[in-house]
Amino acid sequence: MLFRSRWLGNANYEIAYKGKVYLLDTYYDRKARSRPLGFRAADVKRADVIFVGHAHFDHISDIGPVSRQTRAPVVGSPITIDTALKLGMPNDQARPASGGESFRFGELFVDTTLARHSTIQPGLIEAYANVYKVEVRPDTPEEAAETKAVMSRGSNSPDIVDKGTLAFGFTFANGFKTVVFSSAGPVTPGAKALADKFGRADVAIVSYQPHAVAERQVEESWPLIEAFNPRLFLPAHHDASFGTWLDLGLEPLFERLRDKLPETSYLAPLYRSDRKSTRLNSSH
């Protein structure tokens, strides 16, 4: 079996398996002054299933056009599905889950579990914004309007923290296992149950944001990585969101992996290019 993955910025990943395409999150037409991905949401016309971790704009903002263009079913929490419908997703594509449900899509078996979104201390976002103000020029009126429009395409419901964030466990036909967390909150009972069921994951995709001090963020992401003890770790959400999040160095996390989980490999994915996507031999 050839398992292919491609990072598409933020927490977006594309997974391809046996001719099927699975999308993780849909945030492509990003805030002003973001690094280019090399494509727009209008270009995404093929997917067999879309999985959305939660309904913050930087995970769901393009679900409307992408779902209509691909006609793919969309799996997410009730808050996520409600937000997606408001953004133009067709009703018949909704696959709501509250955590604990399982789905079968051809040769892909999916476990859902209720995760918990990370939380941050008061003042952190304002501190990041001040860094941008000191380091670079302010947005032009046009850039500010573009960013405001993008950020409006999502939900800020406080229930996202405890009720609206899902993690996904994928088991492919030959037993290859991948787990996905769009936010690095604490290990929930559902996440522990999934880890117990999976044993060792082949791939773990875990968010690595928003704490700018790496020593702090390592402690946030590490429990989920350790729980699944993956053969390969792929980070997500570690890149800058202009005006809010800073680029986060991955080296301190990789050092922890090297020292504590020496049998786990890891990659620092780059933004999409014309080169071939990462290929993982999952025959083990």
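The values are calculated or read from the model by the stated rules, or taken from the named source; none is laboratory data. Bear in mind that the values here come from a model prediction, so they are computed numbers and not experimental data. Every residue, glycine among them, receives a Cβ derived from its backbone with ideal geometry; neighbour counts consider all protein chains shown. Ligands, DNA and RNA are stripped out before the accessible areas are found, and what is left, the full protein with its side chains, is counted by its heavy atoms. Shrake-Rupley method; radii C 1.70, N 1.55, O 1.52, S 1.80 Å.
Quick one: how many residues across the range 36-72 are in contact with an Asp or Glu (Cβ under 7 Å, 6 or more places away or on another chain) and of a type in the set (D, E, K, R)?
Residues meeting the conditions: 2.
Determine whether the range 198-206 contains at least one residue that is within 20 Å of Gly100 (Cβ to Cβ) and open to solvent by 30 Å² or more (accessible area, probe 1.4 Å).
Yes, the range 198-206 has at least one match.
What residue, among those in the range 12-23 that are outside any loop (DSSP other than H, G, I, E, B) and open to solvent by 20 Å² or more (accessible area, probe 1.4 Å), is nearest to Gln93 (Cα to Cα)?
Applying the filter and picking the extreme gives Lys20.
Would you point out which residue out of Pro269, Pro235 is assigned to a loop (DSSP other than H, G, I, E, B) and touching a Phe, Trp or Tyr at 6+ places or on another chain (Cβ under 6 Å)?
Pro269
Quick check on my filter: what residues within the range 186-195 are assigned to a loop (DSSP other than H, G, I, E, B) and either in contact with a strand residue (DSSP E or B) (Cβ under 9 Å, 6 or more places away or on another chain) or buried (at least 24 other Cβ atoms within 10 Å of the Cβ) (or both)?
Within the range 186-195, Thr188 is the sole residue that qualifies.
Tell me the residue from Leu232, Leu246, Leu270, Leu280 that is open to solvent by 10 Å² or more (accessible area, probe 1.4 Å), touching a strand residue (DSSP E or B) at 6+ places or on another chain (Cβ under 7 Å) and at pLDDT below 95, please. Break it down into steps so the answer makes sense when it comes.
Details: Leu232 fails: at pLDDT below 95; Leu246 fails: touching a strand residue (DSSP E or B) at 6+ places or on another chain (Cβ under 7 Å); Leu270 fails: touching a strand residue (DSSP E or B) at 6+ places or on another chain (Cβ under 7 Å).
Leu280 is the lone residue from the list that is open to solvent by 10 Å² or more (accessible area, probe 1.4 Å), touching a strand residue (DSSP E or B) at 6+ places or on another chain (Cβ under 7 Å) and at pLDDT below 95.
Considering only residues that are over 19 Å from Ser157 (Cβ atoms) and in contact with a helix residue (DSSP H, G or I) (Cβ under 8 Å, 6 or more places away or on another chain), look in the range 96-137 and name the one that is most open to solvent (accessible area, probe 1.4 Å).
So the residue we want is Gly100.
Looking only at residues in the range 24-61 that are hydrophobic (A, V, I, L, M, F, W, C) and assigned to a loop (DSSP other than H, G, I, E, B), which one is farthest from the chain's Cα centre (by Cα)? Break it down into steps so the answer makes sense when it comes.
Just the residues of the range 24-61 that are hydrophobic (A, V, I, L, M, F, W, C), to begin with: 24, 32, 37, 39, 41-42, 44, 47, 49-52, 55, 57, 60.
Now narrow it down to the ones that are assigned to a loop (DSSP other than H, G, I, E, B): 32, 37, 39, 44, 47, 52, 55.
On the way: Ala32: 20, Leu37: 15, Phe39: 18, Val44: 17, Ala47: 16, Val52: 8, Ala55: 11 Å.
Only one residue tops the list, namely Ala32.
Given the options Arg6, Arg30, Arg35, Arg40, name the one that is surrounded by 20 or more Cβ atoms within 10 Å (Cβ to Cβ) and more than 16 Å from Pro73 (Cβ to Cβ).
Only one candidate passes the filter, namely Arg30.
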